[in-house]
Amino acid sequence: MYCRKCGSTINEKAKFCDSCGEEVKILRQRSDTQKFEEMNKNKTKKVKKDKREEKYKDLKNPYIIPALGTAVIAFSLAIFPWPVSWGVGTSLWMRIAIVLIVLLSDYHCTKARQMNNLYSIQYNYLVQPQLLKVATTLSVITTIVAMFALFSV
C-alpha cells in the first residue's frame with residue numbers, strides 16, 4: 001500500500017504515513033458487477049415489501065368501520081341538530097344520546113388503535129391508518145362539542 005500524498009510504502013495497519021504524516025484513507029473500490037448486485041438487493045427489498053403488503057392485504061381491523069360510523073353519526077347529530085320545530089335537537093335526552101354515541105365511538109377508536117398496535121408488533125403492518133385518524137379526529141371534536149352542549153345549560 002502506498003501513501004496518496006508522498007507515494008512512500010505504508011504498513012497495511014498504519015493510520016498515518018511514516019514519511020509525511022498524512023492520514024491513511026482506505027478507499028473501497030467496487031466493480032460494476034458489485035454495484036449492480038447492490039442495486040438488485042435494493043430492488044429485492046422493495047419487492048419483498050410489496051409481497052408483504054399483498055400478504056397482509058386480507059388482514060382486517062374489525063373496529064375501524066364501527067368507529068368511523070359512530071363518529072360520523074355523533075358528529076352529524078352534534079354539529080347539525082334537528083330542526084327546532086321538532087323539539088328534539090336541543091332537548092336534554094338528545095344531548096345525552098349524542099354523548100353516549102360519541103363515547104361508543106371513542107371506545108371503538110381505542111380498540112381499533114389497540115388492534116393496529118397488535119398488528120404492528122406481530123406483522124409490522126398497520127390496517128387503514130388514515131381511516132382511523134379520521135374517526136379519532138371526528139370523535140374527539142364531537143366529544144368536546146357534546147360535553148360543552150351537555151353542561152352548558
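What to note about this one:
- Some residue of region 26-47 being in a helix (DSSP H, G or I), within 24 Å of SER120 (Cβ to Cβ), among the basic types (Lys, Arg) and at pLDDT below 75: yes
- Selection status of LYS111, in contact (Cβ under 8 Å) with a residue 40 or more places away in the chain and charged (D, E, K, R): yes
- Among the candidates VAL145, VAL153, VAL127, VAL102, residue that is out of contact with any His (no Cβ under 7 Å at 6 or more places or on another chain), at pLDDT 80 or above and not in a helix (DSSP H, G or I): VAL127
- Selection status of THR90, modelled with pLDDT under 90 and surrounded by fewer than 17 Cβ atoms within 10 Å (Cβ to Cβ): yes
- Close pairs (8 angstrom Cβ cut-off, 6 or more residues apart or separate chains): in contact (Cβ under 8 Å) with a residue 12 or more places away in the chain in region 1-18, surrounded by 11 or more Cβ atoms within 10 Å (Cβ to Cβ) and among the basic types (Lys, Arg) anywhere: CYS17/LYS5
- First in region 118-134 and over 19 Å from ILE65 (Cα atoms), second anywhere and among the aromatic types (Phe, Trp, Tyr), Cβ under 6 Å, 6 or more apart: TYR123/TYR56
The values are calculated or read from the model by the stated rules, or taken from the named source; none is laboratory data. Everything numeric in this text was worked out from a predicted model, so none of it was measured. No Cβ is skipped: glycine too gets one built from the backbone with ideal geometry, and neighbour counts run over all protein chains shown.
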